[in-house]
Amino acid sequence: MIFSKQKWETEREGLDYLKLSNACSWITVKAPIRNAFDLFIVPLIGEEMAETLTEIYRQDEQTDNDKKLIRLAQRANILLAFWYDYTELNVLSGDSGFKRQESETAKTPYKYQEKQLRDGWKTKGFNALDDLLRFLEENISDYAEYEQAENYTQCRNAIIQNTAQVNEIYFINHSRLTYLRLKPHFKTVEDTLIAPRMGELFREMKTGLSEETPEAKYTALRDLLRPVIVYYAVHRLLFETGDLSDKGLFFASLRGDDGDTQLRPVSDDRAVHQAKQAETDAISYWKLAENYIRKNFSIEPASEGVPRRNNYHKKAFFA
């Protein structure tokens, strides 16, 4: 774990991330924090890196990078703990069963407050996981254990590697939840659209990207393919579910009476229009990738099926 009873009680380390009262004791939060660490952080960074993270936390002397790493991990840990175990934290359990906490001086939140709290913790917690991964990837020389994590080995040759890369192309409000919803569609687009069009070059590029220092031609090709995959994935998700995030597509508008912002779900026609626009953008970006492939790899990409090689001025002829 990256929280401790001593620091919780003497330094109130939880206050760095959440507004907590002094009555929030270690015995109350210990299990939720441990659960969140095991469920969300360990699978993401790998067991070896998780052990290293715990060791760094216990050290008295930490480098600046170590301190930042602990802060990022703690932020994700505690936010996801309070989101995931919110209901359990709000009830008392004992031999006589479960009871709801209540007193004369304090009352439980309204339903809308509970929802806003949980939604906020959920979004900020998953976004903090993204920040943690980005920091580890940028400082991989200091944290070599992360290289053994399955998530890192998958990301290294992946075309879409993190939430930030999606957000640069299509605004998803830096939401890791939306990124996770799109991730299965990334694979489908790669396997059914990109790979057949590129043929052997696709496998060659993936192998090249797995190298410690990939060749520039492969990284440049990956950069060109990213918007193609993102826009096709967005197109698929919108047609499949009608929404892009866990909350759906909304218009934001101001009410005339009090000036408050209100959210209204978009119409079906608007969602279809947005999906078709994403497909149009994907096709346009694919043409840019086609030109690069044709120029740098002497291959004529196919719109469908196996790519055709440009045999002009080549010693060997491919039909």
*What ranking do M198, M1 get, fewest neighbouring Cβ atoms within 10 angstrom at the top?*
M1, M198
*For a footprinting-style exposure proxy, rank D269, D38 by other Cβ within 10 Å, fewest first.*
D269, D38
*Could you give me the ³J(HN,Hα) list for the stretch 140-152, computed from phi with Karplus coefficients 6.51, -1.76, 1.60 and θ = phi - 60°, whole Hz, x at Gly and Pro?*
5, 5, 8, 10, 5, 4, 5, 5, 7, 6, 4, 4, 6
*Could you pull out every residue, at least 5 positions away or on a different chain, whose amide H is within less than 5 Å of the one on E300? Hs are placed 1.01 Å off N in the peptide plane, and Pro or chain starts have none.*
R308, R309, N310
_Using the Cα atoms of the stretch 1-155, I'd like the radius of gyration and the largest Cα-Cα distance, Dmax, both in angstrom._
16.9, 55
*What order do you get for H185, H273 when you list them from fewest to most C-beta neighbours inside 10 Å?*
H273, H185
_Vicinal HN-Hα couplings computed from phi for the stretch 172-188 (Karplus, 6.51 cos²θ - 1.76 cosθ + 1.60; Hz; Gly/Pro x)_ = 10, 6, 6, 8, 5, 4, 5, 4, 5, 5, 7, 4, x, 6, 4, 5, 4
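Could you give the length gained by full extension between Q59 and S4, i.e. 0.36 nm per residue of separation minus their alpha carbon distance, to one decimal place? List each step's numbers first, then the result.
Details: separation 55, 0.36 × 55 = 19.80 nm, distance 1.26 nm.
Net length gain for the segment: 18.5 nm.
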*By the scheme Lys and Arg +1, Asp and Glu -1, what is the net charge of all other residues having a beta-carbon under 10 Å from that of Y86?*
-1
*What is the magnitude of the charge dipole of the stretch 145-229 about its Cα centre, with +1 placed on the Cβ of each Lys and Arg, -1 on the Cβ of each Asp and Glu, and no other charges, expressed in debye to the nearest 20?*
420
*Pop a pseudo-label 7 angstrom from the Cα along the beta-carbon direction at both Q116 and R34 and give the gap in nm to one decimal.*
3.4
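Where a number appears in this text, it was derived from the coordinates with a stated rule and is not lab data. Quantities reported herein were computed from a predicted structural model and do not represent experimental measurements. In this analysis, Cβ positions are derived from the backbone assuming ideal geometry, glycine residues included, and neighbour counts consider all displayed protein chains.
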